[in-house]
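Following: one structure in structure tokens, then a few remarks.
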Amino acid sequence: MDLVLSFFYDNPLGPFTLLLAIILTVPPLIKQLHLPDLVGLLLAGVVFGPNGLGWLSSESETMTLLSDIGVIYLLFVAGLEIELEEFRKLRHRALGFGSLTFALPLIVGSLIGRLSGLGWTASILLGSLLSSHTPLGYSIVRRLGVAGNEAVVVTIGGTILTDIAALLVLALCTALNAGELTVQRGLVMVMAIALYVVVVLVGVTRVGQAFLRRSREDEGNQFLFILLALFLAAVGAQIVGVEKIVGAFLAGLAVNHVLKEGPVKEKVVFVGSVLFIPIFFVDMGLLIDLPAFLKTLTSIWLCLSIVVGLMASKFLAALCSRYWYHYSWPQMFTMWSLSLPQVAATLAATLVGYRVGLLDERILNSVLVMMLITAILGPFITAQAAVRLSPPPLALPLSPAMSLASPHRKTLTVLVPIANPLTEAGLIQLGALLRGEAGRLIALSVVTASSWLDDDAVNDGIARSQQLLQRAETLARPFGTPIESIIRIDDDPVLGICRTSREQQADLIVMGWSEWDTLQARLLGNVIDGVLRNAHCPVAMTRLLDNPSHLRRLLVPIKALVPQSIQVMNLGQQLAVANQAKLTLLHVYDPRTPDSQITDFRTQLSQLVADSTTPLEIDITLVADTAVIPVILRLSCHYDLVLVGSMRHHASSSLLTSSDGSAQWVQELGCSVMMVGNLRA
């Protein structure tokens, strides 16, 4: 044991290896308990920290460096994921709500600090910890189709003000604590910060736009430029006398303005979410003194007052906004729940305040309890309140691209990548059915190659591809479908598929099923995951249990009448017309949803169906139930195929949401499945 401990103390590779093992194994285990990943990482820090096995130390150089990078990355990603377009839409109301939801918790938190015996500087810092928010429930409102509701847009926009203001209060408090803030120095510091903010927001934006234009094809250089901008901003913040996390957040806002959704942005988020940010959370666990933490829980007054004070002040801010902006009660509760979770900026600022001696263990432990409670309670309340929100009305009549109306089957260019002979027949037949009467069916086989194109492996790959494509032509012949065969030589099968689909202007990519939850997929990803990230068009991931031409009963679950759902309905209609099948549109709604909202939904959906001029039987089924997934699983046994839509797949930076089993329940369906991903408005 002494030998093991000495290895972890003296060799930087030891702690780093242990951290990688923790990050890889702990989150899947904690998800089995339906708890946020963050809980498991904090517990791992306690177990392996000074108060546990003692294998990790927060004071080691390795942990200090990695944790600093993690906290910088956390605030950078927080800025990177803010919806700037949402802020611009209603910036005046967003600033109004942001000011309320910042000022009221600041006052309440400062009073709690003073009553707890803290000095004014520490009390104001405590108030600022309560002032920011991380809208963890935003994914829920997007899933329900109400992300465009004005109350949601205002709340998300207010995040910019609350986070920036909280970080600036942190900078002033740390300067005061160090005794470096006189009136003259304070004025100089304010001017330096103002100049620094302009340089970061304007400079990074303009330089980034110019650089990204010149390096469109070089994702590696784009990735390095973003990292350089991040750390330059962090170093610049320290030069002007503020915390590096302020610079990281501003860099995230600036990069967010120039870097659009795509593989580079996703890789930036991915690196932080799977490595550095989890290490920061483990380091937070190392700081927890378990006896002191339990003592904090036993002396419940401070912890309870912080949690209750936060919830009450955030509620009051949402209530005032309701009366000022004439919002409904469901909108008010949605605003409250979205502004309740205290995670990104709160944790980062707490760590800084603890390290400089402004905050003691009582405050640290109480903030961690507050973070856990609000991270779980906020999304829960959002799920309850958001179902009562009215989604933005669907503009009718719809454009031809969105409407179900069509005198003939739509013509699509369908690309079918071929790799597995066992699934080739079903994919080719499905592609032939979906292409329409005058559409194109393209069979693609990608041969991976290094720089040596005369290698024997390349020759073998080409020969195998020729066999697969010849078989594909044979399989398509009974459908009277001309098929175009393409052999693509590329260094990456994902890019080979995505580049070919773009060159051929494909409307749909049809691929076979793949397992997402295997160890290999978790470590290295899979081809489908890569295609979802990079493809320009929808991707249909299929698991066929029967011949595609035998699919006579089709079920399409619909969450909301948004363009993405209508795209899936269009594919269902396309296949139903080809097979002369029955198509059922299923909507499962919460029983608490107002009747007027259900009536409007049924009316709009009925009008979509009525506009369809194809001789197709389309049923509309509405079910009132809080458990959406069990309803779909129960009804699926009466159908041959279930078509499920999902939004464009992104790397998520959040370690705070518990697993909802969305990937697992689709695999539990007892019939054939088509999951349509990479959908866009």
Output the number of residues of segment 157-170 satisfying the condition of being surrounded by 21 or more Cβ atoms within 10 Å (Cβ to Cβ) and of a type outside the set (S, T, N, Q).
8
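Of all helices (runs of 4 or more DSSP H) completely enclosed by segment 288-386, which ones contain at least 3 residues that are surrounded by 22 or more Cβ atoms within 10 Å (Cβ to Cβ)?
300-325, 329-338, 344-355, 361-386
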Among the residues of segment 362-392, count how many are touching an Asp or Glu at 6+ places or on another chain (Cβ under 9 Å) and among the β-branched types (V, I, T).
1
Of the residues V343, V369, which single one is closer than 23 Å to L33 by Cα and modelled with pLDDT under 80?
V343
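This table checks each residue for (1) touching a Ser or Thr at 6+ places or on another chain (Cβ under 8 Å); (2) farther than 18 Å from L42 by Cα; (3) outside the structural domain of I112 (by TED's automatic domain parsing).
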residue: Y327; (1), (2), (3): yes, yes, no
residue: F333; (1), (2), (3): no, yes, no
residue: L338; (1), (2), (3): yes, yes, no
residue: A344; (1), (2), (3): yes, no, no
residue: A348; (1), (2), (3): no, no, no
residue: V367; (1), (2), (3): yes, no, no
residue: G378; (1), (2), (3): yes, yes, no
residue: I381; (1), (2), (3): yes, yes, no
Of all the residues that make up segment 598-612, how many are surrounded by 13 or more Cβ atoms within 10 Å (Cβ to Cβ), more than 15 Å from V556 (Cβ to Cβ) and at pLDDT below 80?
1
Subset tally (residues that are in contact (Cβ under 8 Å) with a residue 40 or more places away in the chain, outside any loop (DSSP other than H, G, I, E, B) and of a type outside the set (A, V, I, L, M, F, W, C)) for segment 128-141
3
Is it true that A147 is farther than 25 Å from G357 by Cβ and small (G, A, S)?
yes
Selection from segment 238-269 of residues that are among the hydrophobic types (A, V, I, L, M, F, W, C) and under 12 Å from L80 (Cβ atoms)
A248, F249, L250, A251, L253, A254, V255, V258, L259, V264, V268, V269
Out of P630, P615, I need the residue that is in the same structural domain as Q573 (by TED's automatic domain parsing), at pLDDT below 85 and surrounded by fewer than 20 Cβ atoms within 10 Å (Cβ to Cβ). Which one?
P615
Scan segment 455-510 residue by residue and report those that are part of a loop (DSSP other than H, G, I, E, B) and either surrounded by 14 or more Cβ atoms within 10 Å (Cβ to Cβ) or hydrophobic (A, V, I, L, M, F, W, C) (or both).
T481, D492, Q504, A506, D507
Kindly establish whether A292 is more than 18 Å from A375 (Cα to Cα), of a type in the set (G, A, S) and more than 27 Å from the chain's Cα centre (by Cα).
yes
Residues that are at pLDDT 85 or above and buried (at least 17 other Cβ atoms within 10 Å of the Cβ), at least 2 per element: which helices (runs of 4 or more DSSP H) completely within segment 1-115 meet that?
13-31, 37-48, 61-80, 91-115
Positions within segment 29-43 being in contact (Cβ under 8 Å) with a residue 40 or more places away in the chain and within 22 Å of the chain's Cα centre (by Cα), in sequence order
K31, H34, L35, P36, D37, L38, V39, L41, L42
Answer residue from segment 556-597, given it is at pLDDT below 85 and touching a Leu at 6+ places or on another chain (Cβ under 7 Å) and is farthest from L412 (Cα to Cα) among those:
Y589
Give me the pairs: first residue in segment 320-338 and touching a residue at least 24 places away in the same chain (Cβ under 8 Å), second residue outside any helix (DSSP H, G or I), beta-carbon distance under 6 Å, and six or more apart or on different chains, which are they?
P330/R388; P330/L389; S337/G137; L338/P135; L338/G137
How about segment 142-163: which of its residues are of a type outside the set (D, E), out of contact with any helix residue (DSSP H, G or I) (no Cβ under 7 Å at 6 or more places or on another chain) and in a helix (DSSP H, G or I)?
R142, R143, T159
Mind listing whichever residues of segment 493-517 are among the polar types (S, T, N, Q), at pLDDT 90 or above and within 16 Å of G677 (Cβ to Cβ)?
S501
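The values are calculated or read from the model by the stated rules, or taken from the named source; none is laboratory data. Source: prediction; values computed, not measured. All Cβ positions, glycine included, derive from the backbone under ideal geometry; neighbour counts span all protein chains shown.
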